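Every read-out reported here was derived from the displayed coordinates using simple, explicitly stated rules and does not represent laboratory data. Not measured: the values here are computed from a predicted model. Here the Cβ positions follow ideal geometry from the backbone for every residue, glycine too, while neighbour counts run over all protein chains shown.
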Amino acid sequence: MALELQMLGWAVVIGLVHLIWAAAAAQPQRGLKWNVGPRDTPVVLTGMAGRLERAFANFRETFPLFAAAVLVAYLGGRLGMLSAHGAVLYVGARAIYIFLYAFGVPVARSLAWLASLIGIGLILAALVI
């Protein structure tokens, strides 16, 4: 299996980690009544729970772009060094990002986010070079 497709699989795992960790951290603040109810009244999360919720929202913004880029590169026969490095960079940066955001590390978190976007850019570059 192509490395880029393996990285796509690992990105899905990272998404599941985001989902489960954010939900678990939010549970004490939202409570069971909110979770099983209609969720009409939003609960503003604070602390790590809020940061994990925002980190997951950020992941949901970039993951579709990454997935589309990988699939287009794969289907278009454009896999190579650029796409492989881009996929590894995206997945590695996103894996680090969740921890940096969860624990409130400001500058490094932004650099990890930037690295993940550069990873997507490398995959896109493979489509045109």
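Over region 3-128, what is the relative contact order in percent, taking alpha-carbon pairs closer than 8 angstrom and at least six residues apart?
Numbers: 137 pairs, mean separation 41.1, N = 126.
RCO, region 3-128: 33 percent.
Shape analysis of region 61-129 places it in the prolate category; the axes a ≥ b ≥ c from the Cα gyration tensor give an a/c of at least 1.5, with a/b above b/c. For the chain, take the longest principal axis of its alpha carbons; what is the angle in degrees between that and the long axis of helix 47-75, to the nearest 10 within 0 to 90? For 47-75 against the chain, the angle is about 20 degrees. Loop-located trypsin sites (Lys or Arg not before Pro) in region 1-106 (DSSP state not H, G, I, E or B) with no more than 15 neighbouring Cβ atoms inside 10 Å: Arg39. Rounded to the nearest 10 degrees, what's the angle between the helix 106-128 long axis and the longest principal axis of the chain, both from Cα atoms, 0 to 90? Roughly 40 degrees, rounded to the nearest 10. Farthest towards the positive end of the charge dipole of the chain, among the residues Leu89, Phe59, Gly104, is the Cα of Gly104, using unit charges on the Cβ of Lys, Arg, Asp and Glu. A simple charge model with +1 on the Cβ of Lys and Arg, -1 on the Cβ of Asp and Glu and nothing else charged puts the dipole of the chain at about 260 debye relative to its Cα centre.
By the count of neighbouring beta-carbon atoms within 10 Å, fewest first, His85, His18 end up ordered His85, His18. Annotation for Leu71 and Phe103: the two label points, set 7 Å from Cα along the Cα-Cβ direction, are 3.5 nm apart. Compared with the dominant Cα axis of the chain, that is its longest principal axis, helix 81-102 is turned about 10°.
Once you order the gyration tensor axes a ≥ b ≥ c over the Cα atoms, which shape class does region 10-129 get: rounded for a/c under 1.5, otherwise prolate or oblate by comparing a/b with b/c? Note, shape of region 10-129 comes out prolate.
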